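What follows is a single structure, written as C-alpha coordinates, with notes after it.
The values are calculated or read from the model by the stated rules, or taken from the named source; none is laboratory data. Just so we're clear, the structure is a prediction, and the values are computed from it rather than from any experiment. Neighbour counts run over all protein chains shown; Cβ positions are idealised from the backbone, glycine included.
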Amino acid sequence: MAPIVILGAGLAGFGVARELRKFDKQVPLRMVTADEGAFYSKPNLSNALAWQKTPAQLVASPRAAIAAQLGVEIVDHVRAAALLPAEHALRGGDGRIEYGKLVLAIGAQPIRLPIEGNGAAAVLSVNHLDDYAVFRQRLAGKRRIAILGAGLIGCEFANDLAGAGHEVEVFDLSPQALGRLLPAGAAAFFARRLEAAGVRFHFETSIGRIDHHENSYVLLDLKGHSFEADLVLSAVGLRPETALAKTAGLATNRGIVVDRLLATSDADVFAVGDCAEVQGLVLPFVLPIMQQARALAKTLAGTPTPVSYPAMPVVVKPPACPTVVCPPPAGSAGAWREEATADGVRALFEDAAGKPLGFALVGAATAGKQALALQMPSWL
Ligand SMILES: Cc1cc2nc3c(=O)[nH]c(=O)nc-3n(C[C@H](O)[C@H](O)[C@H](O)COP(=O)(O)OP(=O)(O)OC[C@H]3O[C@@H](n4cnc5c(N)ncnc54)[C@H](O)[C@@H]3O)c2cc1C
(Lines give C-alpha, C1' and ligand atoms only; values in the text may rest on other atoms or scores of the structure.)
Protein backbone atom coordinates (compact mmCIF):
# COMPACT_ATOMS: atom_id res chain seq x y z
CA MET A 1 0.00 0.00 0.00
CA ALA A 2 1.46 3.37 -1.02
CA PRO A 3 1.96 5.50 2.10
CA ILE A 4 0.45 8.81 2.98
CA VAL A 5 3.34 11.19 2.40
CA ILE A 6 3.55 14.47 4.30
CA LEU A 7 5.92 16.91 2.64
CA GLY A 8 7.32 19.28 5.26
CA ALA A 9 8.16 18.87 8.94
CA GLY A 10 6.87 22.09 10.48
CA LEU A 11 3.93 22.59 12.83
CA ALA A 12 1.53 21.76 9.99
CA GLY A 13 3.23 18.51 8.92
CA PHE A 14 3.70 17.23 12.46
CA GLY A 15 0.20 18.45 13.37
CA VAL A 16 -1.35 16.26 10.66
CA ALA A 17 0.79 13.24 11.64
CA ARG A 18 -0.07 13.61 15.33
CA GLU A 19 -3.81 14.01 14.70
CA LEU A 20 -3.92 11.18 12.18
CA ARG A 21 -2.35 8.74 14.64
CA LYS A 22 -5.31 9.38 16.98
CA PHE A 23 -7.59 7.73 14.41
CA ASP A 24 -5.32 5.35 12.54
CA LYS A 25 -2.25 3.75 14.09
CA GLN A 26 -1.57 1.45 11.13
CA VAL A 27 -1.58 3.44 7.90
CA PRO A 28 1.99 3.80 6.59
CA LEU A 29 3.05 7.39 7.06
CA ARG A 30 6.17 8.94 5.61
CA MET A 31 7.35 12.49 6.16
CA VAL A 32 9.80 13.99 3.67
CA THR A 33 11.52 17.21 4.57
CA ALA A 34 14.26 19.49 3.33
CA ASP A 35 15.43 20.11 6.88
CA GLU A 36 16.61 18.06 9.86
CA GLY A 37 13.11 16.72 10.68
CA ALA A 38 13.31 17.57 14.38
CA PHE A 39 10.20 18.93 16.10
CA TYR A 40 10.33 22.46 17.45
CA SER A 41 7.77 25.19 18.05
CA LYS A 42 8.49 28.04 15.66
CA PRO A 43 6.86 30.79 17.77
CA ASN A 44 9.62 30.19 20.34
CA LEU A 45 12.26 31.54 17.94
CA SER A 46 11.30 35.14 18.66
CA ASN A 47 11.58 34.92 22.43
CA ALA A 48 14.44 32.47 22.81
CA LEU A 49 16.85 35.09 24.19
CA ALA A 50 14.44 35.94 27.00
CA TRP A 51 14.12 32.23 27.79
CA GLN A 52 17.91 31.86 27.51
CA LYS A 53 17.57 29.06 24.97
CA THR A 54 20.16 28.20 22.36
CA PRO A 55 18.93 27.00 18.95
CA ALA A 56 19.73 23.41 19.97
CA GLN A 57 17.70 23.79 23.17
CA LEU A 58 14.64 24.86 21.13
CA VAL A 59 14.35 21.33 19.70
CA ALA A 60 11.47 19.71 21.58
CA SER A 61 11.97 16.24 20.02
CA PRO A 62 14.89 15.12 17.85
CA ARG A 63 13.97 13.35 14.60
CA ALA A 64 14.37 9.78 15.86
CA ALA A 65 12.30 10.43 18.97
CA ILE A 66 9.39 12.09 17.21
CA ALA A 67 9.45 9.48 14.43
CA ALA A 68 9.16 6.68 17.00
CA GLN A 69 6.51 8.50 18.99
CA LEU A 70 4.28 9.09 15.96
CA GLY A 71 5.10 5.90 14.03
CA VAL A 72 6.29 7.92 11.05
CA GLU A 73 9.26 7.33 8.77
CA ILE A 74 11.03 10.68 8.45
CA VAL A 75 13.16 11.19 5.36
CA ASP A 76 15.30 14.22 6.18
CA HIS A 77 17.37 16.59 4.08
CA VAL A 78 15.45 15.77 0.91
CA ARG A 79 13.93 18.65 -1.00
CA ALA A 80 11.17 17.67 -3.40
CA ALA A 81 12.00 19.24 -6.75
CA ALA A 82 8.92 18.13 -8.69
CA LEU A 83 5.44 16.83 -8.03
CA LEU A 84 3.99 14.41 -10.59
CA PRO A 85 0.30 14.06 -9.68
CA ALA A 86 -0.55 11.70 -12.58
CA GLU A 87 2.15 9.28 -11.32
CA HIS A 88 1.37 9.80 -7.61
CA ALA A 89 5.04 10.61 -7.09
CA LEU A 90 7.49 13.28 -6.03
CA ARG A 91 10.97 13.67 -7.43
CA GLY A 92 13.64 14.77 -4.99
CA GLY A 93 17.10 13.94 -3.71
CA ASP A 94 18.38 11.12 -5.88
CA GLY A 95 15.09 9.42 -6.43
CA ARG A 96 11.38 9.14 -6.54
CA ILE A 97 8.93 9.07 -3.64
CA GLU A 98 5.59 7.44 -4.32
CA TYR A 99 2.46 8.31 -2.42
CA GLY A 100 -1.12 7.15 -2.09
CA LYS A 101 -2.15 10.52 -0.77
CA LEU A 102 0.10 13.55 -0.41
CA VAL A 103 -0.08 16.37 2.12
CA LEU A 104 1.80 19.51 1.14
CA ALA A 105 2.91 21.22 4.37
CA ILE A 106 5.76 23.20 2.84
CA GLY A 107 5.28 26.53 4.58
CA ALA A 108 6.17 29.96 3.24
CA GLN A 109 9.22 31.92 2.15
CA PRO A 110 10.30 35.25 3.68
CA ILE A 111 9.64 38.18 1.37
CA ARG A 112 12.83 40.07 0.47
CA LEU A 113 12.63 43.82 -0.09
CA PRO A 114 14.41 45.15 -3.18
CA ILE A 115 17.39 46.79 -1.44
CA GLU A 116 20.43 48.23 -3.18
CA GLY A 117 24.03 48.24 -1.93
CA ASN A 118 26.78 45.75 -1.23
CA GLY A 119 25.32 44.96 2.22
CA ALA A 120 21.87 43.91 0.99
CA ALA A 121 22.82 40.26 0.61
CA ALA A 122 23.84 40.08 4.28
CA VAL A 123 20.30 40.82 5.51
CA LEU A 124 18.99 37.82 7.46
CA SER A 125 15.46 36.42 7.67
CA VAL A 126 14.35 33.92 10.31
CA ASN A 127 11.60 31.50 9.36
CA HIS A 128 13.15 28.20 10.44
CA LEU A 129 15.27 26.84 13.23
CA ASP A 130 18.22 26.61 10.81
CA ASP A 131 17.88 30.32 9.96
CA TYR A 132 17.71 31.07 13.66
CA ALA A 133 20.96 29.18 14.30
CA VAL A 134 22.68 31.33 11.65
CA PHE A 135 21.13 34.47 13.16
CA ARG A 136 22.43 33.58 16.64
CA GLN A 137 25.92 32.90 15.28
CA ARG A 138 25.98 36.25 13.50
CA LEU A 139 24.50 38.04 16.54
CA ALA A 140 27.42 37.14 18.79
CA GLY A 141 29.29 40.29 19.78
CA LYS A 142 26.94 42.60 17.83
CA ARG A 143 25.41 45.63 19.53
CA ARG A 144 23.23 47.56 17.03
CA ILE A 145 20.48 45.59 15.31
CA ALA A 146 18.22 46.99 12.58
CA ILE A 147 14.92 45.24 11.95
CA LEU A 148 12.95 45.74 8.74
CA GLY A 149 9.25 45.34 9.50
CA ALA A 150 7.16 46.19 12.58
CA GLY A 151 4.71 43.30 12.26
CA LEU A 152 4.28 40.45 14.74
CA ILE A 153 7.62 38.81 14.02
CA GLY A 154 9.63 42.06 13.78
CA CYS A 155 8.21 43.40 17.05
CA GLU A 156 8.74 40.14 18.92
CA PHE A 157 12.37 39.95 17.81
CA ALA A 158 12.80 43.65 18.66
CA ASN A 159 11.64 43.15 22.24
CA ASP A 160 13.67 39.98 22.64
CA LEU A 161 16.86 41.64 21.38
CA ALA A 162 16.34 44.84 23.40
CA GLY A 163 15.74 42.72 26.50
CA ALA A 164 19.09 41.04 25.91
CA GLY A 165 20.87 44.41 25.85
CA HIS A 166 21.04 45.15 22.10
CA GLU A 167 20.26 48.55 20.60
CA VAL A 168 17.31 47.92 18.30
CA GLU A 169 15.90 50.14 15.53
CA VAL A 170 12.78 49.02 13.65
CA PHE A 171 11.71 50.40 10.26
CA ASP A 172 8.27 50.10 8.70
CA LEU A 173 6.43 51.78 5.83
CA SER A 174 3.24 51.77 7.87
CA PRO A 175 2.52 54.67 10.28
CA GLN A 176 2.28 52.22 13.23
CA ALA A 177 3.42 48.92 14.70
CA LEU A 178 1.39 45.74 13.98
CA GLY A 179 -0.25 47.57 11.06
CA ARG A 180 -2.21 44.52 9.87
CA LEU A 181 -3.54 43.68 13.32
CA LEU A 182 -4.11 46.73 15.54
CA PRO A 183 -6.14 49.94 15.30
CA ALA A 184 -4.16 53.16 15.77
CA GLY A 185 -4.67 53.80 19.51
CA ALA A 186 -3.83 50.25 20.53
CA ALA A 187 -0.78 50.33 18.25
CA ALA A 188 0.44 53.59 19.79
CA PHE A 189 0.18 52.09 23.30
CA PHE A 190 2.01 48.96 22.10
CA ALA A 191 4.81 50.99 20.49
CA ARG A 192 5.26 53.15 23.62
CA ARG A 193 5.68 50.02 25.74
CA LEU A 194 8.30 48.60 23.40
CA GLU A 195 10.06 51.97 23.27
CA ALA A 196 10.19 51.97 27.06
CA ALA A 197 11.89 48.57 26.77
CA GLY A 198 14.56 50.10 24.51
CA VAL A 199 13.21 49.65 20.95
CA ARG A 200 13.33 52.65 18.56
CA PHE A 201 10.69 52.73 15.82
CA HIS A 202 10.93 54.58 12.49
CA PHE A 203 7.51 54.58 10.80
CA GLU A 204 6.44 55.62 7.31
CA THR A 205 9.83 54.79 5.92
CA SER A 206 11.74 51.86 4.53
CA ILE A 207 15.34 50.96 3.91
CA GLY A 208 16.33 51.34 0.25
CA ARG A 209 20.08 50.81 0.45
CA ILE A 210 22.54 48.97 2.70
CA ASP A 211 26.30 49.31 2.36
CA HIS A 212 28.93 47.32 4.16
CA HIS A 213 31.57 49.47 5.86
CA GLU A 214 34.34 47.56 7.65
CA ASN A 215 32.51 45.81 10.50
CA SER A 216 29.14 47.49 10.21
CA TYR A 217 26.37 48.42 7.78
CA VAL A 218 25.11 51.85 6.76
CA LEU A 219 21.39 51.83 6.03
CA LEU A 220 19.78 54.57 3.95
CA ASP A 221 16.05 55.07 4.30
CA LEU A 222 13.63 56.46 1.74
CA LYS A 223 13.64 59.86 3.49
CA GLY A 224 17.41 60.17 3.02
CA HIS A 225 18.35 59.45 6.67
CA SER A 226 21.21 57.08 7.36
CA PHE A 227 21.61 54.65 10.26
CA GLU A 228 24.38 52.34 11.34
CA ALA A 229 23.83 48.75 12.37
CA ASP A 230 25.99 45.71 13.05
CA LEU A 231 23.33 43.24 11.88
CA VAL A 232 20.15 43.61 9.81
CA LEU A 233 17.14 41.33 10.20
CA SER A 234 14.25 41.39 7.74
CA ALA A 235 10.73 40.54 8.93
CA VAL A 236 8.54 42.08 6.24
CA GLY A 237 6.23 39.14 5.66
CA LEU A 238 5.97 35.69 4.13
CA ARG A 239 4.89 34.38 0.76
CA PRO A 240 3.24 30.93 0.71
CA GLU A 241 5.39 28.31 -1.02
CA THR A 242 3.42 27.62 -4.21
CA ALA A 243 6.05 26.83 -6.88
CA LEU A 244 5.97 23.03 -6.54
CA ALA A 245 2.15 22.92 -6.77
CA LYS A 246 1.96 25.47 -9.56
CA THR A 247 4.51 23.67 -11.73
CA ALA A 248 2.56 20.46 -11.19
CA GLY A 249 -0.54 22.15 -12.60
CA LEU A 250 -2.42 22.47 -9.30
CA ALA A 251 -4.54 25.57 -8.70
CA THR A 252 -2.64 28.30 -6.87
CA ASN A 253 -3.43 31.88 -6.01
CA ARG A 254 -1.75 33.62 -3.03
CA GLY A 255 -1.32 30.12 -1.60
CA ILE A 256 -2.03 26.59 -2.80
CA VAL A 257 -5.78 26.67 -3.34
CA VAL A 258 -7.69 24.10 -1.28
CA ASP A 259 -11.34 23.52 -0.43
CA ARG A 260 -12.65 23.01 3.10
CA LEU A 261 -11.51 19.37 2.97
CA LEU A 262 -8.02 20.84 2.43
CA ALA A 263 -7.98 19.11 -0.98
CA THR A 264 -6.16 20.81 -3.84
CA SER A 265 -7.40 20.67 -7.42
CA ASP A 266 -6.00 17.09 -7.42
CA ALA A 267 -8.18 14.93 -5.18
CA ASP A 268 -5.20 12.95 -3.77
CA VAL A 269 -3.13 16.00 -2.88
CA PHE A 270 -3.91 18.15 0.16
CA ALA A 271 -2.30 21.30 1.54
CA VAL A 272 -2.12 22.68 5.09
CA GLY A 273 -0.31 25.38 7.03
CA ASP A 274 1.41 28.50 5.77
CA CYS A 275 1.39 27.24 2.15
CA ALA A 276 -2.38 26.74 1.97
CA GLU A 277 -5.14 29.10 0.92
CA VAL A 278 -8.43 27.83 2.33
CA GLN A 279 -11.40 29.45 0.62
CA GLY A 280 -9.42 32.61 -0.02
CA LEU A 281 -7.87 32.74 3.48
CA VAL A 282 -4.12 32.48 4.06
CA LEU A 283 -3.70 32.42 7.85
CA PRO A 284 -0.05 31.85 8.83
CA PHE A 285 -0.71 31.22 12.53
CA VAL A 286 -0.72 28.24 14.85
CA LEU A 287 -4.43 28.01 15.70
CA PRO A 288 -5.67 27.78 12.08
CA ILE A 289 -3.00 25.14 11.44
CA MET A 290 -4.28 23.06 14.36
CA GLN A 291 -7.86 23.32 13.05
CA GLN A 292 -6.67 22.22 9.60
CA ALA A 293 -4.64 19.32 11.01
CA ARG A 294 -7.60 17.98 13.03
CA ALA A 295 -9.98 18.14 10.07
CA LEU A 296 -7.53 16.68 7.55
CA ALA A 297 -6.61 13.81 9.87
CA LYS A 298 -10.26 12.73 10.00
CA THR A 299 -10.57 13.02 6.23
CA LEU A 300 -7.42 10.96 5.67
CA ALA A 301 -8.73 8.38 8.14
CA GLY A 302 -11.88 7.95 6.05
CA THR A 303 -14.38 10.51 7.41
CA PRO A 304 -14.43 13.55 5.13
CA THR A 305 -14.41 16.53 7.50
CA PRO A 306 -14.47 20.16 6.37
CA VAL A 307 -12.22 22.48 8.33
CA SER A 308 -13.98 25.08 10.44
CA TYR A 309 -12.48 28.26 11.80
CA PRO A 310 -13.94 29.47 15.07
CA ALA A 311 -12.71 32.91 16.17
CA MET A 312 -8.96 32.36 16.59
CA PRO A 313 -7.21 35.07 18.63
CA VAL A 314 -3.58 35.70 17.67
CA VAL A 315 -1.33 36.12 20.68
CA VAL A 316 1.51 38.60 20.16
CA LYS A 317 4.01 37.86 22.87
CA PRO A 318 6.61 40.59 23.47
CA PRO A 319 7.05 40.64 27.25
CA ALA A 320 6.93 44.47 27.27
CA CYS A 321 3.38 44.48 25.95
CA PRO A 322 1.31 41.29 25.74
CA THR A 323 -1.32 41.66 23.04
CA VAL A 324 -4.21 39.52 21.79
CA VAL A 325 -5.95 40.23 18.51
CA CYS A 326 -8.97 38.53 17.04
CA PRO A 327 -9.31 40.11 13.61
CA PRO A 328 -12.83 40.41 12.21
CA PRO A 329 -13.72 37.87 9.48
CA ALA A 330 -12.20 38.93 6.13
CA GLY A 331 -14.26 41.57 4.33
CA SER A 332 -16.35 42.52 7.41
CA ALA A 333 -17.85 46.01 7.30
CA GLY A 334 -17.51 47.99 10.51
CA ALA A 335 -15.19 50.19 12.53
CA TRP A 336 -12.89 49.98 15.54
CA ARG A 337 -14.01 51.50 18.84
CA GLU A 338 -11.08 51.90 21.24
CA GLU A 339 -11.12 52.52 24.94
CA ALA A 340 -8.19 53.12 27.31
CA THR A 341 -8.25 50.83 30.33
CA ALA A 342 -6.03 50.82 33.41
CA ASP A 343 -2.64 50.18 31.80
CA GLY A 344 -3.94 48.97 28.45
CA VAL A 345 -6.26 49.44 25.49
CA ARG A 346 -9.43 47.50 24.68
CA ALA A 347 -10.64 47.82 21.10
CA LEU A 348 -13.75 46.26 19.54
CA PHE A 349 -14.41 46.03 15.82
CA GLU A 350 -18.18 46.53 15.52
CA ASP A 351 -20.67 46.38 12.68
CA ALA A 352 -23.21 49.18 12.03
CA ALA A 353 -25.56 47.71 14.69
CA GLY A 354 -22.80 47.68 17.32
CA LYS A 355 -22.28 43.89 17.18
CA PRO A 356 -18.63 42.99 17.93
CA LEU A 357 -16.92 41.10 15.08
CA GLY A 358 -13.33 41.30 16.31
CA PHE A 359 -11.19 42.65 19.12
CA ALA A 360 -7.72 43.81 20.06
CA LEU A 361 -6.53 43.81 23.66
CA VAL A 362 -3.23 45.38 24.63
CA GLY A 363 -1.32 45.43 27.90
CA ALA A 364 -3.36 44.68 31.04
CA ALA A 365 -6.58 44.60 28.94
CA THR A 366 -5.55 41.13 27.65
CA ALA A 367 -7.04 39.67 30.83
CA GLY A 368 -10.50 39.87 29.18
CA LYS A 369 -9.62 37.76 26.13
CA GLN A 370 -11.44 34.51 26.95
CA ALA A 371 -14.83 36.10 27.58
CA LEU A 372 -14.58 38.20 24.42
CA ALA A 373 -13.41 35.33 22.18
CA LEU A 374 -16.62 33.42 22.97
CA GLN A 375 -18.69 36.29 21.56
CA MET A 376 -16.87 36.46 18.22
CA PRO A 377 -18.27 35.05 14.96
CA SER A 378 -16.65 32.08 13.22
CA TRP A 379 -14.51 32.77 10.18
CA LEU A 380 -15.43 29.60 8.29
C1 LIG B 1 9.60 34.00 14.56
C2 LIG B 1 8.16 33.55 14.40
C3 LIG B 1 7.28 33.70 15.46
C4 LIG B 1 5.96 33.30 15.32
N5 LIG B 1 5.12 33.46 16.38
C6 LIG B 1 3.83 33.05 16.25
C7 LIG B 1 2.92 33.19 17.34
O8 LIG B 1 3.27 33.70 18.41
N9 LIG B 1 1.64 32.74 17.19
C10 LIG B 1 1.21 32.17 16.01
O11 LIG B 1 0.05 31.77 15.92
N12 LIG B 1 2.06 32.02 14.95
C13 LIG B 1 3.34 32.45 15.05
N14 LIG B 1 4.19 32.32 13.99
C15 LIG B 1 3.70 31.63 12.76
C16 LIG B 1 3.73 30.11 12.91
O17 LIG B 1 4.89 29.73 13.59
C18 LIG B 1 3.68 29.48 11.51
O19 LIG B 1 2.40 29.80 10.97
C20 LIG B 1 3.86 27.97 11.50
O21 LIG B 1 4.97 27.56 12.26
C22 LIG B 1 4.01 27.47 10.05
O23 LIG B 1 4.15 26.09 10.04
P24 LIG B 1 4.21 25.27 8.67
O25 LIG B 1 4.38 23.85 9.05
O26 LIG B 1 3.05 25.63 7.80
O27 LIG B 1 5.48 25.82 7.89
P28 LIG B 1 7.04 25.65 8.19
O29 LIG B 1 7.31 25.65 9.63
O30 LIG B 1 7.69 26.70 7.36
O31 LIG B 1 7.41 24.21 7.66
C32 LIG B 1 7.60 23.95 6.29
C33 LIG B 1 8.35 22.65 6.15
O34 LIG B 1 8.39 22.29 4.77
C35 LIG B 1 9.71 21.90 4.41
N36 LIG B 1 9.82 22.11 2.97
C37 LIG B 1 9.55 23.23 2.26
N38 LIG B 1 9.69 22.99 0.93
C39 LIG B 1 10.04 21.69 0.81
C40 LIG B 1 10.32 20.84 -0.29
N41 LIG B 1 10.24 21.26 -1.56
N42 LIG B 1 10.69 19.55 -0.05
C43 LIG B 1 10.75 19.09 1.23
N44 LIG B 1 10.47 19.84 2.31
C45 LIG B 1 10.13 21.14 2.10
C46 LIG B 1 10.58 22.77 5.30
O47 LIG B 1 11.88 22.23 5.41
C48 LIG B 1 9.79 22.69 6.61
O49 LIG B 1 10.07 21.50 7.30
C50 LIG B 1 5.52 32.74 14.09
C51 LIG B 1 6.41 32.60 13.02
C52 LIG B 1 7.72 33.02 13.16
C53 LIG B 1 8.68 32.89 12.00
*Of the numbered conditions (1) of a type outside the set (G, A, S); (2) farther than 20 Å from G273 by Cα; (3) not in a helix (DSSP H, G or I), Q57 satisfies every one except a single condition; which is it?*
(3)
*How many of the residues in segment 314-323 are within 11 Å of the ligand (Cβ to nearest atom) and surrounded by 22 or more Cβ atoms within 10 Å (Cβ to Cβ)?*
3
*What residue, of L261, L233, is within 14 Å of the ligand (Cβ to nearest atom), touching a residue at least 40 places away in the same chain (Cβ under 8 Å), under 30 Å from G8 (Cβ atoms) and not small (G, A, S)?*
L233
*Being part of a loop (DSSP other than H, G, I, E, B) and either in the same structural domain as A80 (by TED's automatic domain parsing) or not small (G, A, S) (or both) is the filter here, so list the residues in segment 108-121 that pass it.*
I111, R112, L113, P114, I115, N118
*Scan segment 127-142 and report the pairs whose first residue is at pLDDT 95 or above and within 16 Å of the ligand (Cβ to nearest atom) and whose second residue is in a helix (DSSP H, G or I) and of a type outside the set (F, W, Y), with Cβ atoms within less than 6 Å and a gap of 6+ or a chain change.*
Y132/L45
*Which is closer than 30 Å to P319 by Cα, hydrophobic (A, V, I, L, M, F, W, C), more than 9 Å from the ligand (Cβ to nearest atom) and assigned by TED's automatic domain parsing to the domain that holds D274, of A64, A89, A38, A68?*
A38
*List the pairs whose first member sits in segment 178-205 and is buried (at least 19 other Cβ atoms within 10 Å of the Cβ), whose second member is assigned to a helix (DSSP H, G or I) and among the polar types (S, T, N, Q), and whose Cβ atoms are under 8 Å apart, counting only residues at least 6 apart or on separate chains?*
L194/N159; V199/N159
*Scan segment 286-323 for residues that are more than 21 Å from A347 (Cα to Cα) and either within 12 Å of the chain's Cα centre (by Cα) or of a type in the set (A, V, I, L, M) (or both) and report the count.*
12
